[in-house]
Amino acid sequence: MIELKDLYKLYHMGDTVVRALDGIDLTIDEGEFVAIVGQSGSGKSTCMNIIGCLDVPTSGTYKLNGIDVSTMDDDTQAVIRNKFLGFVFQQYNLIPKLNVVENVELPLLYAGISAAERRQKALRALERVGLLDKAKNRPNQLSGGQQQRVSIARALAGDPAVILADEPTGALDSRTGREVIAFLQELNRDGRTIVLITHDNSIAVKAKRIVRLADGKIVYDGPADERRAVEIPREEEDA
């Protein structure tokens, strides 16, 4: 489903070259639940941006569902995003002036889907997350957990191959955060591919596999229930 091969992302800051991603190889298969973790500056956000077709690598290849998206222009990447990816963000990114169902419909509007089909898909997605009765509410009439479930419904509405969840519990209290992660686990059990980006080990271990980044390199890639999955190497702690 996702294949990164010998991937580099370099930034030039004056005479200094910052290796945000430093030659990583990563494969995520259909139906996996993978947490990409790391401290600030580890490269996890850069990795998410590339997986999400929001950025392109300096070199190396990225294939999504067998399609090489490494060198696509912005317009072509936008088409790929709408077709294959659904996004869940820390801050929900809901539009205040639109009601819940209209917010869920937005990606479908950009994808050129007819109004009747958009509404049908959006309502079905809201039912999936248990918020069908809130379809006409505005975002400010919902709790933080409910708003995050709306953003999950928005991600689901286009039936994406992959859901990218970027720090989805960061703005929530611990109980509500656990509920959101439990829902992502449920979606994964139903066969959905989930890629979770987080700095929080207590959240990462809810995935089935952890990929830990440090200084743009993968320093661990394996089962989430192994002790090494959450142990931070001393040199990373000192960085």
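The values are calculated or read from the model by the stated rules, or taken from the named source; none is laboratory data. Just so you know, these numbers come straight off a predicted model, no measurement behind them. Here the Cβ positions follow ideal geometry from the backbone for every residue, glycine too, while neighbour counts run over all protein chains shown. The area values use the complete protein model at the heavy-atom level, side chains included, leaving out ligands, DNA and RNA. Shrake-Rupley method; radii C 1.70, N 1.55, O 1.52, S 1.80 Å.
Looking for something in contact with a helix residue (DSSP H, G or I) (Cβ under 9 Å, 6 or more places away or on another chain) and either more than 25 Å from residue 157 (Cβ to Cβ) or open to solvent by 60 Å² or more (accessible area, probe 1.4 Å) (or both) - is there at least one such residue anywhere in the stretch 72-80? Looking for residues that are in contact with a helix residue (DSSP H, G or I) (Cβ under 9 Å, 6 or more places away or on another chain) and either more than 25 Å from residue 157 (Cβ to Cβ) or open to solvent by 60 Å² or more (accessible area, probe 1.4 Å) (or both), one finds none in the stretch 72-80, hence no.
Residues that are more than 19 Å from the chain's Cα centre (by Cα) and over 17 Å from residue 44 (Cα atoms): does the stretch 155-174 have at least one? For the stretch 155-174, residues more than 19 Å from the chain's Cα centre (by Cα) and over 17 Å from residue 44 (Cα atoms): present. The residues in the stretch 43-70 that are part of a strand (DSSP E or B) and touching a Pro at 6+ places or on another chain (Cβ under 7 Å) can be counted, and the count is 0. Those helices (runs of 4 or more DSSP H) of the stretch 113-221 in which at least 1 residues are in contact with a Pro (Cβ under 9 Å, 6 or more places away or on another chain), considering only elements entirely within it, cover 144-157, 174-189, 201-204. Within the stretch 222-232, the set of residues being assigned to a loop (DSSP other than H, G, I, E, B) and open to solvent by 60 Å² or more (accessible area, probe 1.4 Å) comprises 225, 226, 231. Against the numbered list (1) surrounded by 18 or more Cβ atoms within 10 Å (Cβ to Cβ); (2) hydrophobic (A, V, I, L, M, F, W, C); (3) touching a residue at least 60 places away in the same chain (Cβ under 8 Å), residue 1 comes up short only at (1). Screening the candidates 15, 25 for the property of being touching a residue at least 60 places away in the same chain (Cβ under 8 Å), open to solvent by 70 Å² or more (accessible area, probe 1.4 Å), more than 30 Å from residue 141 (Cβ to Cβ) and more than 18 Å from the chain's Cα centre (by Cα) yields one hit, 25. Of all the criteria given as (1) open to solvent by 40 Å² or more (accessible area, probe 1.4 Å); (2) within 14 Å of the chain's Cα centre (by Cα); (3) at pLDDT 90 or above, the one not satisfied by residue 195 is (1). Does residue 102 meet the test of being of a type in the set (Asp, Glu), more than 18 Å from residue 213 (Cβ to Cβ), open to solvent by 30 Å² or more (accessible area, probe 1.4 Å) and part of a loop (DSSP other than H, G, I, E, B)? When the stated conditions are applied, residue 102 does not pass them. Checking each residue in the stretch 206-222 for being in contact with a Leu (Cβ under 8 Å, 6 or more places away or on another chain) and on the phi > 0 side of the Ramachandran plot picks out only 216.
Here's the yes/no breakdown for (1) at pLDDT 95 or above; (2) aromatic (Phe, Trp, Tyr); (3) within 25 Å of residue 80 (Cβ to Cβ):
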{"site": "130", "(1), (2), (3)": "no, no, no"}
{"site": "135", "(1), (2), (3)": "yes, no, no"}
{"site": "146", "(1), (2), (3)": "no, no, no"}
{"site": "166", "(1), (2), (3)": "no, no, yes"}
{"site": "185", "(1), (2), (3)": "no, no, no"}
{"site": "203", "(1), (2), (3)": "no, no, no"}
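From the list 86, 31, exactly one residue is at positive phi and either surrounded by 20 or more Cβ atoms within 10 Å (Cβ to Cβ) or outside any helix (DSSP H, G or I) (or both). Which is it? Before you say what the answer is, go through the steps one by one.
On the way: 86 fails: at positive phi.
Among 86, 31, only 31 is at positive phi and either surrounded by 20 or more Cβ atoms within 10 Å (Cβ to Cβ) or outside any helix (DSSP H, G or I) (or both).
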